[in-house]
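First the structure, in the form of structure tokens, and then the observations on it.
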Amino acid sequence: MAAPLKSDALEKGLSNAEAQRRLLEDGPNELSKNKKQTRFAIILEVLREPMFLLLLASSLIYLFLGDTYEALMLVGMILLVIGITFYQQAKTENALEALRSLSSPRALVIRDGKTCRIAGNEVVRGDWVILSEGDRVPADGILISGPGVSIDESLLTGESVSVRRNPDAGEASRLFSGTLIVQGQGVLKVQQTGMQTELGKIGRSLDTLGSENTLLQKEIRRFVVLFATWGGILCLSVFLIYGWVHHHWIEGLLAGITLAMTLLPEELPMVLTVFFALGAWRIAQKQVLTRQPRAIEALGSATVLCVDKTGTLTLNRMTVACVTNTQGELWIATGNPNSTPNPFSETFYYAALASQRQGVDPMDQAALEASKRYLPVETQQTMTSCELLKLYPITSKTMAMTQVWKSLSDDGTSLVIAIKGAPEKVMARCQLSLPRQKAILKQLQTMAQNGFRVLAVAKAHWHDEVTELPEDPEKISFEWVGLIGYQDPIRPEVPAAIQSCHQAGIRVIMMTGDYEETARSIARQIGLGHLDQMITGTQLANMSDDLLKEQVAETDVFARMLPEQKLRLVNALKANGEIVAMTGDGVNDAPALKASHIGIAMGKRGTDVAREAAHLVLLEDDFSSIVQAVGLGRRIFDNLRKAMGFIFSIHIPIAGISILPVVFNLPLVLFPAHVAFLEMIIDPACSIAFESEPSERDVMKRPPRPTLEPLFTRGSLFYSALQGNILLLAVFGVYGFSISQGYGEAEIRTMSFTTLVIANLMLITANLSGETPVIKMPFLKNRAYWLILASAFILLLLILTLPFLRDLFHFSPLSFGSYGVCFIAGLSSLLLLEILRILKKQRSNGKARFSSI
């Protein structure tokens, strides 16, 4: 017979001080992983960028022409570009490193006599680890206590059939890191960690943050290829036309390189990387870990949230609220230990005997706590002296936990059997008359209507010393004891979060194993809809797929659900065109989590299997965290669209002012140094400033974004093109004005470039505001915007006023009147951009009104 989980386990384990010493001595319990990018590696990556190569080519040409100062200035620009890119890459790497540490598997260990959940990489030699069904074994060791476990060792052996491990069985009690507990529980004493484990020797990596190509990444790649192709054709054309017309092939080459720099869309993939990395980091600040990048895209498109009740909508702090006894009397808990009449002691006693003493199930803990609180000391001592002989775990068939204890009372040979589980299952195991069954069901309904989670308790005695206990607990006849009602309070923030989801066009579906009345009571408290319609697990099992598709469209509450039924629910919702986010915590939830568009695993009570299958992990098992993550997902996509629109728009005036002078045989405005200066504004603006922009006010008051809606729609591209042409009009207007006034080439270039920089900053301002008027924007919340704005103006002022820098940029001093023209033209572009935004909004509102008719 398997050894029981010893009651004194909590007195064992390492001290925290000793654990820290061993962690320093042996290192973290992790396998070799991809090393964090070094500074040198980041610099090498920058040196391979096309923008750097173009700047380097330009500096070499200037050096060949004997213009040393121009070449040195471009080298300085190269160093600045490296610095900016290094900062962005380092910030991204730091965010990813923080996510890797959060994604480390968790382990429940015994330290200083107390159980605590720690990161798997903090497990050390000698640790006592409590293992339960669905857990990954965090390190190699020996099973020293518990009823035994079944292990899936396919990760190591490739054998799909699970093997049995029992305590004190020599090699048969040895467990290996990375294997999976598929049944049972036990305590593991760790012997090897990290690279010393069998898994470490094989050298497998368990890095769970592997990248994959998302829809956005594919779309960005297509645009990069398109831009690069047309950019190459135009650059070659400019080089040939300029060289043919002016017979200055070197200057033509510089003009071609300048145009290549203006059209090169190197910001697009960088922006996507920064947004995904920092977006995942921001979501992690809301206690939600992003394991797969596509979840960030899908968050803003979610139309349905399927959530478990326990621990997500509720506090997962079960307390015994009421009990009944064999006479059918009802007692409501008052909190006073002396208020419990003797007739109810039996219910508390057998409920505790049917609970795992070292278990983590909240209802087991509540039953044990209630027995300590309400039972007499003598009864508690009798219960403590019992020795656990056999455990019949809860299954989808029995839906009840049965434990067999050896009692030291009487002759010391009788066995006490206690069962606790679903009332209908326990009632079927007892010999109850029809009137008694009806009375129990009436009590059950009353308790459920008050929002209590109700379990039944029964008892049996085994006096036969010859016949062994049956393997099937259903062959044991029980005697009815009573009902026990648990209460798990609603999280205070849930009703407001539910309302926020409804305002955002997101349905919330509650899945629970509770009875219909309990589920309806909870749904009413949190504000769910369609309370008149409910589907139970039994009804779902008997439904065809077509009927289920029809029913889920109008049903928000599912009661008496089994974990494996969630997959059917997810598939039915997906078949109806819904974008499904679903929570889960058990082994049986993994298929549904993987099938959903956004699988959300519970970080605290969830199993490793569920976390591995999920796209997101709730670190605090809190429903409001999901809602906040959805809002952040919408914010990320909104800001990404703003940034991409800005990139598309700003390249139009830069490319235009590079091409038009060549076409019309006019003085050139931009050289490589000018474009590099503009890139120093564009790069941090389109990544850091736009990523830092707060959410729009209506981010959770509009319907979800269609999942297949591209980042660049025809409408958004047209709008960005109009924005870019407004800037080109302002810059070319100043360019034409300066020519008409008879200014020299240096003055023309100075005025045009100054206008372009100011208009660029105005475009950043307009795009950051999105649908909100600029004067109502909370710019004070975006420190990155102000830093970029101030830096750009200071650098422009230095270039325009310091003779050395002015000469390097081929500028000349201007009068205050000329500067005024530049500032008026630049600022007027913001006014025109605001008018364009108003016209766009009016057109959108008109379409919305027309579609509602």
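With a cut-off of 20 Å on the backbone N, the residues of segment 695-721 near the modelled label site 7 Å out from Trp786 along Cα-Cβ are 695-696. Taking Thr179, Thr538 and ordering them by how much accessible surface each has at a 1.4 Å probe, largest first, produces Thr538, Thr179. Per the Debye formula on identical point scatterers at the alpha carbon atoms of segment 464-526, with no solvent, log10 I(q)/I(0) at q = 0.13, 0.24 Å⁻¹ is -0.60, -1.13. For the residues Asp546, Asp472, Asp140, a 1.4 Å probe over the protein chains yields an accessible-area ranking, largest first, of Asp546, Asp472, Asp140. What you get for segment 674-725, charging only the Cβ of Lys and Arg (+1) and of Asp and Glu (-1), is a dipole of about 340 debye around the Cα centre. For Ala504, the shell of other residues with beta-carbons less than 9 Å away shows a net charge of +3, using +1 for Lys and Arg and -1 for Asp and Glu. Working ranking of peptides 652-663, 733-744 by packing, defined as the average number of other Cβ atoms within 10 Å per residue, highest first, is 652-663, 733-744. Surface composition of segment 372-461: carbon and sulfur atoms hold 53% of the protein heavy-atom accessible area at a 1.4 Å probe. Rounded to whole Å, give me the distance from the Cα center of segment 536-582 to that of segment 724-742. Cα centroid of segment 536-582 versus Cα centroid of segment 724-742: 62 Å apart. Relative to the current alpha-carbon distance between Phe823 and Ile250, full extension at 0.36 nm per residue lengthens the span by 202.9 nm. Note on segment 383-457: dipole from Cβ charges, positive end direction compared against Gln403, Pro423, Thr384; the farthest Cα belongs to Pro423. For segment 632-695, chymotrypsin sites (Phe, Trp or Tyr not before Pro) meeting the loop criterion (DSSP other than H, G, I, E, B) and having at most 14 other Cβ atoms within 10 Å: Phe664. Kirkwood hydrodynamic radius computed over segment 567-709 comes to 18.8 Å, based on all pairs of distinct alpha carbons.
The residue among Thr755, Phe793, Gly770 whose Cα reaches farthest toward the positive pole of the charge dipole of segment 674-813, with charges on the beta-carbon of Lys, Arg, Asp and Glu, is Gly770. In this rough spin-label picture, where each label sits 7 Å from Cα along the Cβ direction, the Val774-Ser414 distance is 8.8 nm.
Relative protection proxy for 451-458, 415-422, 374-381, 499-506, from highest mean packing down: 451-458, 415-422, 499-506, 374-381 (other beta-carbon atoms within 10 angstrom). Along the axis of the charge dipole computed for segment 461-576 (Cβ charges of +1 for Lys and Arg, -1 for Asp and Glu, origin at the Cα centre), the listed residues Ile498, Val552, Trp462 are led at the positive end by Ile498. Taking Cys386, Cys116 and ordering them by how much accessible surface each has at a 1.4 Å probe, largest first, produces Cys116, Cys386. The shape of segment 467-583 comes out oblate: with a ≥ b ≥ c from the C-alpha gyration tensor, a/c is at least 1.5 while a/b does not beat b/c. In this structure, the amide hydrogen of Val288, modeled 1.01 Å from its nitrogen in the peptide plane, lies closer than 5 angstrom to those of Leu619, counting only residues at least 5 positions away or on a different chain.
Label positions at Glu369 and Glu493, each projected 7 Å from the Cα along the C-beta direction, are separated by 2.1 nm.
Between Thr115 and Lys840, the C-beta separation translates, for a Förster distance of 51 Å, into a calculated FRET efficiency of about 0.30. Packing, taken as the mean count of other beta carbons within 10 Å per residue, orders the peptides 833-840, 723-730, 767-774 from highest to lowest as 723-730, 767-774, 833-840. Across all directions, the average flat footprint of the convex hull enclosing the Cα atoms of segment 641-705 is 6.1 nm². FRET efficiency for the Leu315 to Gln431 pair, using the beta carbon distance and R₀ = 51 Å, is estimated at 0.85. If you take the Cα centroid of segment 433-491 and the Cα centroid of segment 669-683, the two points sit 77 Å apart.
The values are calculated or read from the model by the stated rules, or taken from the named source; none is laboratory data. Here the structure is a predicted model, which means the values were calculated and not measured. With ideal geometry, Cβ positions are generated from the backbone for all residues, glycine too; neighbour counts draw on all protein chains shown. Accessible surface is based on the protein model in full, side chains and every heavy atom, while ligands, DNA and RNA are left aside. Shrake-Rupley method; radii C 1.70, N 1.55, O 1.52, S 1.80 Å.
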